[in-house]
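Since the structure comes first, as structure tokens, the remarks are kept for the end.
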Amino acid sequence: MRKIVYCLIFVVIATCLYSNEATWYKNKVFYEVFVRSFYDTDGNGIGDFNGVTEKLDYIKSLGVDGIWLMPVFYSPSPHGYDIIDYFKVNPVYGTEDDLITLFKEAEKRDIKIILDLVINHTGKFHEWFKQSDLKVEPYTNFYVWAKEKPEGEWLSWTKGRKRDEWYYSSFGGGMPDLNFRNLLVREEIKKIAKYWLDKGAGGFRLDAARHIIENGPGELQKDTPETVEWWTEFSQYVKSVKPDALLVGEVWAGVEQVSTYYNGGKGLDLCFDFEGAKAIAKGSSLGSMSDFIDTVNKKKSLHSPYDFYAPFLSNHDTVRTMNIFSNNFNKAKAAAVLLLTSPGTPFIYYGEEIGMYQTATGKGDNGKRTIMQWNVSKNAGFTQGAKLRHDISDNKNPYNVQFQDKKKDSLLNLYRKLSELRKKYDGMTSEIYHFIENDAKIISFTKGSDENKLLILINQSDVIKKIEMSDYNGEYTDILTDKKYVIRGMLAMKKGEIRILSMATLKP
Ligand SMILES: [Ca+2]
Ligand SMILES: [Ca+2]
């Protein structure tokens, strides 16, 4: 009997340890890095792996526990989403050893690195596509070919170069879609995942995850049951190689569609919350919280857990938030609060923490991916070289790390503080929201249960506001400043003021 009890205790402990490890990413903060634009160590004007390694202490200072590196595999384009060899790193970023050094140095700081896995399509110069175009086996059916150009509302079909047929290419002719109905393709993709997991990657961000297997034109090109099934199969495989690997999907859609990728816990670990991103931007820009409240309520009503949706403000494909906020730092601060009081795993896009914005000189996507602004010097401290081979935005004060680092009330230091508070107060990451009806220009809500409740108040207007708070009479500590506050009926808040009031006790 005693043996059985010991065994049971062992199983319970082992299960707890295992499940904690497998879900290590819950409530952690991630940082999205474009290697090309982050920091250049060899003076050739292009950011590199060693640059990210050199800046790991900075990244850690943001309270970050994980980094998503945008594509680092061999590709001819600046963005890297048209890969021609999945087993080679992009030589402009350094060597594979440099990347492994980055993994190891990150690990020393308790930071895991996930890689961008772009597998809906390859670049058209990938050897598989060249062979497929020539109908060389086993590559003939590695891509989605049709003898006649299919009719209907398709994203895009392109004529083969040598092959007198059409190939499907969701993102244009330069990026042909792989054929995931072909089991050989699935096996090749699994090999790629295993290769990088074995080298030290902590998981993957899955590009264009809703586009994998299409069943026809129009809406049948996205979110098909076969696509969800593929990701479930892939997830099971990845966990068999590395149980704690993280898979986060880019499903650029509303939360209803996104939720299907959870698939009862067998699918992906996380998916980015595009709907939430828009709602946060609207809430912090206009002070109008209705969309945010809607999306919170929707997430609670769906079958996937609330923290399945990874919150973020912007990424390399969307307009930088500071452009939406017309360079108003109070709005950027409100957005930071809404982001970092979200349950689950928030992602910060590099530069967002200093309010980097796009200028008219940065054209199209490059404008969203300009170099990181480390200081006010020429080339923003990004490179010691003379030549800058990427766009630069405006790095004048306060739009750089050096300036904001020293300023106590900077956006950068607010990001740091909020990340730190996430680790101390359960209310910060709680899924229990209660929105307080108030002036439209006041963002006001509580988070958490009675033992760890936080009261969050932001004055989004350009004037002092007095708000009726008699339902919340009491003594509080503002965990942002450690100042004590007493609420008795009316509460006055300065323009742009943020308070996170707590009656909670610290986490042990
Ligand atoms: Ca370089
Ligand atoms: Ca596809």
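The values are calculated or read from the model by the stated rules, or taken from the named source; none is laboratory data. Everything quoted here is computed from the prediction, not taken from an experiment. Quick reminder, even Gly has a Cβ in these numbers, built from the backbone with ideal geometry, and neighbours come from all protein chains shown. Remember, those area values only see protein heavy atoms, side chains included, never the ligands or the DNA or RNA. Shrake-Rupley method; radii C 1.70, N 1.55, O 1.52, S 1.80 Å.
For Asp85, enumerate residues with amide H under 5 Å from its amide H, sequence gap 5+ or separate chain, H modeled in the peptide plane.
Tyr74
Using only Cα atoms, find the angle between the long axis of helix 225-241 and the longest principal axis of the chain, and express it within 0 to 90 degrees, rounded to the nearest 10.
80 degrees
In what order, largest first, do His211, His316 sit by accessible area if the probe radius is 1.4 Å?
Correct descending sequence by accessible area is His211, His316.
Taking square-rooted eigenvalues a ≥ b ≥ c of the alpha carbon gyration tensor, is segment 117-167 rounded, prolate or oblate, where a/c under 1.5 means rounded and, failing that, a/b exceeding b/c means prolate?
Cα axes put segment 117-167 in the oblate bin.
Over 22 Å between Cα atoms: which of Lys331/Lys368; Lys28/Lys441; Lys28/Lys112; Lys112/Lys242; Lys423/Lys453 fall into that group?
Lys28/Lys441
Please work out the Cα center distance from segment 120-152 to segment 211-255, rounded to the nearest Å.
If we compute the Cα centre of each part, the gap is 21 Å.
For Asn297 and Asn215, compute 0.36 nm times the residue count separating them, minus their Cα-Cα distance, and round to one decimal in nm.
Gain on extension, Asn297 to Asn215, equals 26.4 nm.
Roughly how much of His390 is accessible, in Å² to the nearest 10, using a 1.4 Å probe?
Approximately 20 Å² of His390 is accessible to the 1.4 Å probe.
Testing the spin-label approximation: label points 7 Å from Cα along Cα→Cβ at Glu497 and Glu256. State their distance in nm.
Between Glu497 and Glu256, the simple spin-label model gives 4.2 nm.
Can you sort Tyr350, Tyr262 by 1.4 Å-probe accessible area, starting with the largest?
Tyr262, Tyr350
Take the eigenvalues of the Cα gyration tensor for the chain, scale each by 5, and report the square roots as semi-axes in whole Å, largest first.
Ellipsoid semi-axes (Å, largest first): 39, 28, 23.
Calculated FRET efficiency, Asn323 and His79, Cβ-Cβ r, R0 22 Å, to nearest 0.05?
Here the calculated transfer efficiency is 0.65.
Can you tell me the accessible area per residue over the chain, all protein chains present, probe 1.4 angstrom, in square angstrom?
Counting only protein heavy atoms, the per-residue value for the chain is 42 Å².
Using a 1.4 angstrom probe on the protein heavy atoms only, could you order Lys130, Lys387, Lys199 from most to least accessible area?
Sorted descending by solvent-accessible area, the residues read Lys387, Lys130, Lys199.
Could you give me the ³J(HN,Hα) list for segment 273-288, computed from phi with Karplus coefficients 6.51, -1.76, 1.60 and θ = phi - 60°, whole Hz, x at Gly and Pro?
Each residue of segment 273-288 in turn: 9, 5, 5, x, 4, 5, 5, 5, 4, 5, x, 7, 7, 9, x, 9 Hz.
May I ask for the Kirkwood hydrodynamic radius of segment 319-430, worked out over all distinct Cα pairs and given in angstroms to one decimal?
So the Kirkwood estimate lands at 14.8 Å.
Give me the number: length gained by fully extending Glu468 to Tyr485, i.e. 0.36 nm times residue separation minus the C-alpha to C-alpha distance, one decimal in nm.
4.6 nm
At 1.4 Å probe size, what's the solvent-accessible area of Met175? Round to the nearest 10 Å².
For Met175, solvent-accessible area is about 40 Å².
Helix 329-340 versus the longest principal axis of the chain: what angle, 0 to 90°, nearest 10, using Cα atoms?
Approximately 70 degrees, to the nearest ten.
Would you mind checking the tilt of helix 2-22 against the longest principal axis of the Cα atoms of the chain, expressed as 0 to 90 degrees and rounded to 10?
Tilt of helix 2-22: around 80 degrees.
From the phi of every residue in segment 134-151, what ³J(HN,Hα) in whole Hz does the Karplus formula 6.51 cos²θ - 1.76 cosθ + 1.60 yield, where θ is phi - 60° and glycine or proline is x?
Listing the rounded values in order: 8, 6, 8, 6, x, 8, 3, 9, 6, 10, 9, 10, 9, 5, 10, 5, x, 8 Hz.
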